[in-house]
Amino acid sequence: MIKRRFYLIFISCILTFALLSSSVFSSEKQEKQTPLKKVVMIIAHKNFRDEELNIPKAMMEKAGIKVDVASSSKDTAVGMLGTTVKPDILIEEIDAKDYDAFIFVGGVGASFYWNNKLAHSIAQKALKQGKILCAICIAPITLANAGVLKGKKATVWPGEKEKLIAKGAIYTGNKVEVDGNIITASGPDVAEKFGEKIIQILLSTESTKKS
């Protein structure tokens with residue numbers, strides 16, 4: 001009787017250990033399969049568009065995505081409507097391999113990056129590495145000047161559409177446009193839809209397979 005009781009306790013301990021081990025392994029496996037996504041939002045140091053930073057950033061963070069803000073200076077940046085933010089990194093510190101998505105924020109100050117060779121290099125490397133590349137308002141001009149919108153469907157603030165077309169982009173006039181891993185949007189009024197589309201594609205299992 002004692003031996004039988006001992007045997008049952010022994011078997012129970014083994015089963016409990018097996019179940020706990022299986023649970024830990026399953027959790028570790030799931031964690032490896034769903035790594036935390038990380039994006040960088042690139043803003044002008046002065047006169048970036050507040051909604052185009054704040055709304056998508058808040059949405060992505062709520063979705064569990066890590067967001068860094070980059071600019072040409074680490075001093076406090078100021079938006080067109082008064083938003084202040086201290087950038088996490090300088091644009092020259094951006095390494096394409098460290099991020100899953102790159103977002104160029106608009107606002108009148110975004111023209112600073114239109115002909116910026118470093119900004120162009122970031123855009124080119126992002127696409128070359130199969131990352132997601134995004135721009136809103138007048139910021140798609142930076143992508144166009146970097147040569148990454150040639151033959152691609154894209155949109156931009158309506159007043160700047162000719163600059164997009166001149167660089168070979170297929171201007172659609174849509175509020176938000178997606179072509180492969182490139183997402184463009186026309187302005188602050190669609191900041192939420194822009195954010196939704198970024199999250200949708202960023203969290204899609206297929207997004208890393210596109211180029």
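The values are calculated or read from the model by the stated rules, or taken from the named source; none is laboratory data. All of these numbers come straight from a predicted model, not from anything done at the bench. Here the Cβ is made from the backbone with ideal geometry for all residues, glycine too, and neighbour counts use every protein chain on show.
One line per residue, one yes/no per condition, for (1) in the same structural domain as residue 120 (by TED's automatic domain parsing); (2) over 29 Å from residue 63 (Cβ atoms); (3) touching a strand residue (DSSP E or B) at 6+ places or on another chain (Cβ under 7 Å):
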site	(1), (2), (3)
142	yes, no, yes
160	yes, yes, no
174	yes, no, no
186	yes, no, no
190	yes, no, yes
193	yes, no, yes
197	yes, no, yes
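Kindly provide the set of residues from the range 170-180 that are surrounded by fewer than 20 Cβ atoms within 10 Å (Cβ to Cβ) and either assigned to a loop (DSSP other than H, G, I, E, B) or of a type outside the set (Val, Ile, Thr) (or both), ordered by number. 172, 173, 174, 175, 179, 180, listed by residue number.
For the range 148-162, how many residues are within 17 Å of residue 44 (Cβ to Cβ) and not in a loop (DSSP other than H, G, I, E, B)?
1
Just to check your reading of the model, which residue among 192, 196, 160 is closer than 24 Å to residue 71 by Cβ, in contact (Cβ under 8 Å) with a residue 12 or more places away in the chain and under 19 Å from the mean Cα position of the chain (by Cα)?
Working: 196 fails: closer than 24 Å to residue 71 by Cβ; 160 fails: under 19 Å from the mean Cα position of the chain (by Cα).
It is 192.
Scan the range 60-82 for residues that are over 12 Å from residue 44 (Cα atoms) and either surrounded by fewer than 19 Cβ atoms within 10 Å (Cβ to Cβ) or in contact with a Lys or Arg (Cβ under 6 Å, 6 or more places away or on another chain) (or both) and jot them down. Break it down stepwise before answering.
First, pick out the residues of the range 60-82 that are over 12 Å from residue 44 (Cα atoms): 60-68, 81-82.
Selection gives 61, 62, 63, 64, 65, 66, 67, 68, 81, 82.
Residues in the range 100-147 that are among the hydrophobic types (A, V, I, L, M, F, W, C), in a loop (DSSP other than H, G, I, E, B) and surrounded by fewer than 23 Cβ atoms within 10 Å (Cβ to Cβ): 114 alone. If you go through the range 151-194 and pick out every residue that is in contact with a helix residue (DSSP H, G or I) (Cβ under 8 Å, 6 or more places away or on another chain) and of a type in the set (Lys, Arg), you end up with 3.
To keep it simple, each residue is scored yes or no on (1) closer than 15 Å to residue 70 by Cβ; (2) small (Gly, Ala, Ser).
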residue	(1), (2)
109	yes, yes
115	no, no
119	yes, yes
123	yes, yes
132	no, no
138	no, no
142	yes, no
147	no, yes
151	no, yes
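Taking residue 47 as the residue in question, decide whether it is over 23 Å from residue 200 (Cα atoms), touching a residue at least 12 places away in the same chain (Cβ under 8 Å) and in a strand (DSSP E or B). Answer is yes for this residue. Checking 20, 36 one by one, the residue that is surrounded by fewer than 19 Cβ atoms within 10 Å (Cβ to Cβ), within 18 Å of residue 195 (Cα to Cα) and at pLDDT below 95 is 36 and no other.
Is it fair to say residue 201 is within 20 Å of residue 43 (Cβ to Cβ) and assigned to a helix (DSSP H, G or I)? Step through it out loud before you land on a result.
On the way: within 20 Å of residue 43 (Cβ to Cβ): no; assigned to a helix (DSSP H, G or I): yes.
So residue 201 fails the test.
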